[in-house]
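Encoded as structure tokens, the structure appears first; notes follow it.
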Amino acid sequence: MNSLRMEEKIGTCVVAGHICLDIIPDLGGQRDFLEAIQPGHLLPIGAPTIATGGSVSNTGQALHRLGIPTRLMGKVGDDSFGREVLARLAAVDKTLVTEMRSLPDEHTSYTIIISPSDADRVFLHSTGANDTFGPEDIDYGALADADLLHFGYPTAMARMVAKDGQELAELMKRAKETGVTTSLDTSMFDRHGVVGRTDWERFLAGAMPYVDIFMPSLDELLLMLIPEKVASAPDPVLCRELSAKLIDLGAGVVVLKQGEKGQYLRTLPPHSGRDLGRAFKGADEAWYSRELWAPAFEVHMVGTTGAGDCSVGGFLAALLRGLGPEEALQMSAAAGACNVEAADATSGVRSWEDTKARIAAGWRQHALTLPGWNYDKKTLLWVGPLDGR
């Protein structure tokens, strides 16, 4: 089967999990900003960018911009921040917020994002209503009408990490029983805080049997499993070992996001007996035994907020259009690259048609060499030794 076959009927998606309000001060291009922060000092900044954030908003809006019918399931408080989140989402499309919940006894999650021009971003985050999100906050009846459920940031939601992820496993199991394809993404966390004391081996072992697509960043996964390890260069051997572990635990498709180093994909072997859900129907064969690496596209970076979430959106949008792993990984890299050209988490993402046209026009990629791998000029991907094609 040709994994780059013509697009068929567009599938539908529900995005659930973590949502917040982002406040992003304009640092005015100051360099060494973080080093300049000293007690008692006043540092001048510009007007803030105010935007919705978190996986529900970021991945959900990216999917919407890429033409995928999308609904959001998240919780906010009945407060000024919560009303702002809902108003901003409804202004994009009222159908996005029909499944959102606003609760009078909760406060809305918010994040102050310090994003210097010369360093990665720093988050000051209040988890708010996300901490009380549980399996009962998913409308499983609504999932019967969807092709895919994406759940984002359980690592920033207290109930989802409590008891080493028991409630996350329950949520994903109940979702999987509806026949949808399930997708999961994580977030960074404080290694030395309460969340950092989670038994991540048990956390992953509980969830992976019910996760068809797992898309963490490599840094997040290393923080869980090998916290002393730092991946400073593309490391196919490390990615292969980690992805094999996740597939052995039950995951179907593993994508490890790595920023400017690109993205690694590994998929389950054939005849595994794994049902990957409605989003894969008719395309299953194209997804077996694949090993691919997508180089990052070159951009002028304005901010990295939401880049990983938008990469997830690009990947899922291709899948829901009936496309295979090559175009899904390519669109994942493209959507993430478009994202960093804007300060907020989603406005840099372009339409599906514009993104494809940008790739077709010869969008340059970051230089990458993977010994023992082959570069495919047609798909713009590196093909690994374990690839079954």
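The values are calculated or read from the model by the stated rules, or taken from the named source; none is laboratory data. In this text, all values refer to a predicted model and were calculated from it rather than measured experimentally. Note that we place each Cβ from the backbone using ideal geometry, even for glycine, and neighbour counts take in every protein chain shown. Side chains are part of the model used for accessible areas, which takes the heavy atoms of the whole protein and leaves out ligands, DNA and RNA. Shrake-Rupley method; radii C 1.70, N 1.55, O 1.52, S 1.80 Å.
A few points about this structure:
- Number of positions in segment 274-288 that are small (Gly, Ala, Ser) and modelled with pLDDT of 85 or more: 3
- Consider segment 233-275 and keep the residues that are aliphatic (A, V, I, L, M), in contact (Cβ under 8 Å) with a residue 40 or more places away in the chain and open to solvent by less than 10 Å² (accessible area, probe 1.4 Å). The one that is nearest to MET208 (Cα to Cα) is ALA251.
- Pairing each residue of segment 53-69 that is over 10 Å from CYS20 (Cβ atoms) and open to solvent by less than 10 Å² (accessible area, probe 1.4 Å) with any residue that is in a helix (DSSP H, G or I) and among the hydroxyl-bearing types (Ser, Thr, Tyr), provided the two are 6+ apart or on different chains, yields C-beta distances under 8 Å for LEU66/THR355.
- Selection count where residues are aliphatic (A, V, I, L, M) and open to solvent by 60 Å² or more (accessible area, probe 1.4 Å), scope segment 217-232: 1
- Restricting attention to segment 334-352 and to residues that are in contact (Cβ under 8 Å) with a residue 40 or more places away in the chain and not in a loop (DSSP other than H, G, I, E, B), the residue that is farthest from PHE297 (Cα to Cα) turns out to be TRP352.
- Test: residue in segment 156-176 that is outside any helix (DSSP H, G or I) and within 30 Å of ASP284 (Cβ to Cβ): no
- For segment 70-79, taking the residues that are more than 17 Å from the chain's Cα centre (by Cα) and open to solvent by less than 50 Å² (accessible area, probe 1.4 Å), the one that is nearest to GLY17 (Cα to Cα) is identified as LYS75.
- Complete set of residues in segment 93-124 that are small (Gly, Ala, Ser) and either surrounded by 16 or more Cβ atoms within 10 Å (Cβ to Cβ) or within 20 Å of the chain's Cα centre (by Cα) (or both): SER102, SER109, SER115
- Filtering segment 162-187 to residues that are in contact (Cβ under 8 Å) with a residue 60 or more places away in the chain and surrounded by fewer than 17 Cβ atoms within 10 Å (Cβ to Cβ) leaves only GLY179.
- Some residue of segment 182-201 being under 17 Å from the mean Cα position of the chain (by Cα) and either over 25 Å from HIS125 (Cα atoms) or part of a helix (DSSP H, G or I) (or both): yes
- Subset of segment 357-389 [in a helix (DSSP H, G or I) and either closer than 30 Å to ILE113 by Cβ or touching a Leu at 6+ places or on another chain (Cβ under 6 Å) (or both)]: ARG358, ILE359
- Residue that is nearest to ALA51 (Cα to Cα), among those in segment 329-364 that are open to solvent by less than 40 Å² (accessible area, probe 1.4 Å) and polar (S, T, N, Q): THR346
- The residues of segment 297-310 that are touching an Asp or Glu at 6+ places or on another chain (Cβ under 9 Å) and buried (at least 23 other Cβ atoms within 10 Å of the Cβ), listed by number, are THR305, GLY306, GLY308, ASP309.
- Among the residues of segment 282-290, not a single one is assigned to a loop (DSSP other than H, G, I, E, B), acidic (Asp, Glu), touching a residue at least 12 places away in the same chain (Cβ under 8 Å) and open to solvent by 10 Å² or more (accessible area, probe 1.4 Å).
- Filtering segment 39-52 to residues that are open to solvent by 40 Å² or more (accessible area, probe 1.4 Å) and either more than 30 Å from ALA334 (Cα to Cα) or in contact (Cβ under 8 Å) with a residue 40 or more places away in the chain (or both) leaves PRO39, GLY40, HIS41, LEU42, LEU43, PRO44, ILE45, THR49.
- Subset tally (residues that are surrounded by fewer than 14 Cβ atoms within 10 Å (Cβ to Cβ), within 21 Å of VAL237 (Cβ to Cβ) and not small (Gly, Ala, Ser)) for segment 377-388: 1
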